[in-house]
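Quick notes on the structure that follows.
The values are calculated or read from the model by the stated rules, or taken from the named source; none is laboratory data. All figures in this text were calculated on a predicted structure; none of them were measured in a lab. Note that we place each Cβ from the backbone using ideal geometry, even for glycine, and neighbour counts take in every protein chain shown. To get the accessible areas, we keep the full protein, side chains included, count just its heavy atoms, and leave off ligands, DNA and RNA. Shrake-Rupley method; radii C 1.70, N 1.55, O 1.52, S 1.80 Å.
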Amino acid sequence: MAERMQAEQTTARPPEAALELALDRAAATCLRHGAQLTELRRQVLRLVLQSAQPIGAYALLDQLRGARRGAAPPTVYRALDFLLAQGLIHKVERLNAFIGCDETGHGHAHGSDHPHQFLICGQCGSTAEICDSATIAAIAAAAGRSGFVPHRTTIEVEGLCARCAEAAAPARAEAS
(Lines give C-alpha, C1' and ligand atoms only; values in the text may rest on other atoms or scores of the structure.)
Protein backbone atom coordinates (compact mmCIF):
# COMPACT_ATOMS: atom_id res chain seq x y z
CA MET A 1 0.00 0.00 0.00
CA ALA A 2 1.37 3.36 -0.96
CA GLU A 3 1.95 5.57 2.03
CA ARG A 4 -0.10 8.75 2.04
CA MET A 5 1.49 11.82 3.50
CA GLN A 6 0.15 15.33 3.39
CA ALA A 7 1.91 18.39 4.67
CA GLU A 8 0.98 22.01 4.30
CA GLN A 9 2.89 24.84 5.88
CA THR A 10 0.41 27.11 7.63
CA THR A 11 2.48 30.16 6.73
CA ALA A 12 0.71 30.40 3.37
CA ARG A 13 -2.74 31.92 3.68
CA PRO A 14 -5.35 30.64 1.24
CA PRO A 15 -6.46 33.06 -1.50
CA GLU A 16 -10.01 34.36 -1.08
CA ALA A 17 -11.54 32.05 -3.71
CA ALA A 18 -9.90 28.98 -2.15
CA LEU A 19 -11.00 30.14 1.30
CA GLU A 20 -14.63 30.50 0.17
CA LEU A 21 -14.49 27.05 -1.42
CA ALA A 22 -13.11 25.58 1.84
CA LEU A 23 -15.89 27.28 3.82
CA ASP A 24 -18.54 25.98 1.41
CA ARG A 25 -17.09 22.47 1.69
CA ALA A 26 -17.16 22.78 5.46
CA ALA A 27 -20.83 23.81 5.34
CA ALA A 28 -21.59 20.80 3.13
CA THR A 29 -19.71 18.51 5.55
CA CYS A 30 -21.81 19.85 8.42
CA LEU A 31 -25.03 19.28 6.49
CA ARG A 32 -23.99 15.67 5.75
CA HIS A 33 -23.56 15.23 9.52
CA GLY A 34 -26.96 16.79 10.24
CA ALA A 35 -25.41 19.97 11.63
CA GLN A 36 -25.32 23.58 10.50
CA LEU A 37 -22.36 25.87 9.96
CA THR A 38 -23.98 29.04 11.31
CA GLU A 39 -22.67 32.47 10.37
CA LEU A 40 -20.76 32.74 13.66
CA ARG A 41 -19.18 29.30 13.24
CA ARG A 42 -18.30 30.18 9.66
CA GLN A 43 -16.64 33.41 10.85
CA VAL A 44 -14.58 31.53 13.43
CA LEU A 45 -13.59 28.88 10.87
CA ARG A 46 -12.64 31.64 8.42
CA LEU A 47 -10.36 33.22 11.02
CA VAL A 48 -8.71 29.87 11.79
CA LEU A 49 -8.16 29.15 8.10
CA GLN A 50 -6.85 32.66 7.43
CA SER A 51 -4.34 32.54 10.25
CA ALA A 52 -0.73 32.13 9.14
CA GLN A 53 -0.09 29.97 12.23
CA PRO A 54 -2.16 28.03 14.75
CA ILE A 55 -4.33 30.56 16.55
CA GLY A 56 -5.51 30.66 20.15
CA ALA A 57 -9.06 31.23 21.36
CA TYR A 58 -8.38 34.70 22.74
CA ALA A 59 -6.66 35.83 19.54
CA LEU A 60 -9.76 34.60 17.69
CA LEU A 61 -11.96 36.50 20.13
CA ASP A 62 -10.00 39.72 19.53
CA GLN A 63 -10.41 39.34 15.76
CA LEU A 64 -14.06 38.35 16.05
CA ARG A 65 -14.86 41.44 18.11
CA GLY A 66 -14.10 43.51 15.02
CA ALA A 67 -17.20 42.06 13.38
CA ARG A 68 -19.24 41.16 16.49
CA ARG A 69 -19.04 43.62 19.33
CA GLY A 70 -20.75 41.38 21.89
CA ALA A 71 -18.47 38.40 21.28
CA ALA A 72 -17.37 36.78 24.54
CA PRO A 73 -15.10 33.82 25.38
CA PRO A 74 -18.00 31.32 25.62
CA THR A 75 -19.07 32.35 22.11
CA VAL A 76 -15.68 31.44 20.68
CA TYR A 77 -15.28 28.27 22.75
CA ARG A 78 -18.71 26.97 21.67
CA ALA A 79 -17.86 27.61 18.02
CA LEU A 80 -14.45 25.94 18.42
CA ASP A 81 -16.04 22.92 20.13
CA PHE A 82 -18.48 22.57 17.24
CA LEU A 83 -15.72 22.88 14.61
CA LEU A 84 -13.61 20.30 16.46
CA ALA A 85 -16.57 17.90 16.71
CA GLN A 86 -17.20 18.23 12.98
CA GLY A 87 -13.53 17.50 12.17
CA LEU A 88 -13.07 20.89 10.52
CA ILE A 89 -10.23 22.02 12.79
CA HIS A 90 -7.70 20.45 15.13
CA LYS A 91 -6.37 21.62 18.46
CA VAL A 92 -2.59 21.73 18.66
CA GLU A 93 -2.26 20.90 22.34
CA ARG A 94 1.37 21.98 22.66
CA LEU A 95 0.44 25.48 21.53
CA ASN A 96 -3.11 25.55 22.95
CA ALA A 97 -4.15 26.80 19.53
CA PHE A 98 -6.25 25.72 16.56
CA ILE A 99 -5.49 24.88 12.94
CA GLY A 100 -7.75 24.01 10.02
CA CYS A 101 -7.89 20.35 9.01
CA ASP A 102 -6.05 19.80 5.72
CA GLU A 103 -8.50 17.04 4.74
CA THR A 104 -11.74 18.98 5.28
CA GLY A 105 -14.11 18.63 2.37
CA HIS A 106 -11.97 16.14 0.45
CA GLY A 107 -14.43 13.27 0.81
CA HIS A 108 -12.59 11.52 3.64
CA ALA A 109 -14.84 9.87 6.17
CA HIS A 110 -13.35 11.10 9.41
CA GLY A 111 -14.51 12.87 12.47
CA SER A 112 -12.74 14.73 15.22
CA ASP A 113 -10.84 11.56 16.10
CA HIS A 114 -9.10 11.07 12.77
CA PRO A 115 -5.40 10.46 13.48
CA HIS A 116 -3.02 13.24 12.64
CA GLN A 117 0.44 14.43 13.42
CA PHE A 118 1.74 17.97 13.65
CA LEU A 119 5.23 19.20 12.86
CA ILE A 120 5.74 22.42 14.85
CA CYS A 121 8.66 24.72 14.09
CA GLY A 122 10.08 25.96 17.37
CA GLN A 123 11.65 28.94 15.63
CA CYS A 124 9.04 30.48 13.31
CA GLY A 125 5.92 28.76 14.67
CA SER A 126 4.78 27.28 11.36
CA THR A 127 2.83 24.07 11.79
CA ALA A 128 2.29 21.33 9.24
CA GLU A 129 -0.38 18.65 9.56
CA ILE A 130 0.56 15.24 8.23
CA CYS A 131 -1.28 11.95 8.20
CA ASP A 132 1.33 9.20 8.01
CA SER A 133 -0.21 5.73 7.94
CA ALA A 134 3.03 4.02 9.09
CA THR A 135 3.09 6.18 12.23
CA ILE A 136 -0.56 5.42 12.92
CA ALA A 137 0.02 1.68 12.43
CA ALA A 138 3.09 1.67 14.70
CA ILE A 139 1.19 3.36 17.52
CA ALA A 140 -1.80 1.02 17.12
CA ALA A 141 0.51 -2.01 17.20
CA ALA A 142 2.40 -0.77 20.27
CA ALA A 143 -0.86 0.04 22.05
CA GLY A 144 -2.27 -3.38 21.14
CA ARG A 145 0.79 -5.18 22.54
CA SER A 146 0.09 -3.40 25.83
CA GLY A 147 -3.61 -4.26 25.74
CA PHE A 148 -4.42 -0.56 25.36
CA VAL A 149 -7.28 0.59 23.15
CA PRO A 150 -6.62 4.14 21.91
CA HIS A 151 -9.60 6.41 21.22
CA ARG A 152 -7.75 9.40 19.84
CA THR A 153 -4.21 9.82 18.58
CA THR A 154 -2.44 13.13 18.20
CA ILE A 155 1.30 13.42 17.80
CA GLU A 156 3.07 16.76 18.02
CA VAL A 157 6.70 16.97 16.99
CA GLU A 158 8.68 20.11 17.70
CA GLY A 159 11.74 20.93 15.62
CA LEU A 160 12.71 23.17 12.71
CA CYS A 161 10.77 23.54 9.47
CA ALA A 162 12.73 23.17 6.23
CA ARG A 163 13.08 26.94 5.83
CA CYS A 164 14.44 27.48 9.36
CA ALA A 165 16.67 24.40 9.18
CA GLU A 166 18.12 25.65 5.91
CA ALA A 167 18.72 29.10 7.40
CA ALA A 168 20.39 27.52 10.46
CA ALA A 169 22.65 25.21 8.40
CA PRO A 170 25.31 27.85 7.56
CA ALA A 171 25.49 28.89 11.23
CA ARG A 172 25.97 25.26 12.31
CA ALA A 173 28.63 24.74 9.62
CA GLU A 174 30.55 27.83 10.78
CA ALA A 175 30.40 26.65 14.39
CA SER A 176 31.95 23.27 13.47
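Here are the numbers for the structure shown:
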| item | result |
| --- | --- |
| Accessible-area order (highest first, 1.4 angstrom probe) of the listed residues 83, 119, 40 | 119, 40, 83 |
| Largest to smallest accessible area among 126, 51, 133, 146 [probe 1.4 Å] | 146, 133, 51, 126 |
| Positive-end residue, the stretch 26-99 charge dipole about Cα centroid, Cβ charges, pick of 76, 55, 31 | 31 |
| In Å², nearest 10: area of residue 39 left accessible to a 1.4 Å probe | 110 |
| Efficiency of FRET from Cβ geometry, residue 38 and residue 17, R₀ 25 Å, rounded to 0.05 | 0.65 |
